[in-house]
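First the structure, in the form of structure tokens, and then the observations on it.
Nothing in this text is a laboratory measurement; each read-out follows from the coordinates by a stated rule. Bear in mind the structure is a predicted one, so any value in this text is a computation, not a measurement. Here the Cβ positions follow ideal geometry from the backbone for every residue, glycine too, while neighbour counts run over all protein chains shown.
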Amino acid sequence: MRKGLFYITIALMLVAACKTKKETAKTEVAPIVKPPLDCSTSGLTFAAVQSIFDKNCVSCHGYGGDAGYNFLTTADIRRAAEKGELLGTIKWHRGFPKMPAQSDQLDKASINLIECWIANGMKE
Ligand code: HEC
């Protein structure tokens, strides 16, 4: 009887684990909308957005964090942006986990800056 309970507990934990994973899975892709933003700011480089990532993201996405991406440098940021995940997560689009996790949404100015940096070709 004790043993049975033990197995049931393990099974429930596995089900719970799977469920959490499913909830964060992408169920739909956010529509690609051309930003109604003025991104004409010339010379927008990574330096303009780096502090946003440093302050809000690299605690989990970097330094051995276990959140899939490493946002200390541009390589993974580009990869996330090209897949649409970067804007999807910071703009809290449906179907994406809300980033930064366990925090308030980034302020609009920061989101706009990142969006423009992407629109301008993610310059180094
Ligand atoms: C408190 C930890 C934490 C912080 C801070 C955080 N993330 Fe995440 N992030 C995660 C975890 C954990 C995952 C993977 C699990 C998930 O999908 O929820 C993830 C996943 C992602 C993904 C992949 C989403 C997908 O569709 O698979 C992107 C993109 C992302 N984060 C971007 C960011 C950005 C940008 C920031 C900063 C603005 C940020 N995260 C801050 C923990 C964090």
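If the condition is being more than 8 Å from the ligand (Cβ to nearest atom) and either touching a residue at least 40 places away in the same chain (Cβ under 8 Å) or not charged (D, E, K, R) (or both), then the stretch 78-87 contributes Arg78, Ala81, Gly84, Leu87.
Collect the residues in the stretch 91-118 that are among the hydrophobic types (A, V, I, L, M, F, W, C) and out of contact with any helix residue (DSSP H, G or I) (no Cβ under 8 Å at 6 or more places or on another chain), keeping them in residue-number order. Answer for the stretch 91-118, where residues must be among the hydrophobic types (A, V, I, L, M, F, W, C) and out of contact with any helix residue (DSSP H, G or I) (no Cβ under 8 Å at 6 or more places or on another chain): Trp92, Ala101, Ala109, Cys116. Residues in the stretch 71-124 that are assigned to a loop (DSSP other than H, G, I, E, B), of a type in the set (Lys, Arg) and within 12 Å of the chain's Cα centre (by Cα) were compared, and the one that is farthest from Cys39 (Cα to Cα) is Lys98. Here is the figure for the stretch 53-70: residues that are in a loop (DSSP other than H, G, I, E, B), in contact with a His (Cβ under 9 Å, 6 or more places away or on another chain) and within 16 Å of Ile90 (Cβ to Cβ) total 3.
Against the numbered list (1) within 9 Å of the ligand (Cβ to nearest atom); (2) free of Cβ contacts under 8 Å to residues at least 24 places away in the same chain; (3) closer than 14 Å to Glu115 by Cα, Ile90 comes up short only at (2). If you check Ile118 against the conditions, is it within 10 Å of the ligand (Cβ to nearest atom), of a type in the set (A, V, I, L, M) and touching a residue at least 12 places away in the same chain (Cβ under 8 Å)? Spelling it out, it is not the case that Ile118 is within 10 Å of the ligand (Cβ to nearest atom), of a type in the set (A, V, I, L, M) and touching a residue at least 12 places away in the same chain (Cβ under 8 Å).
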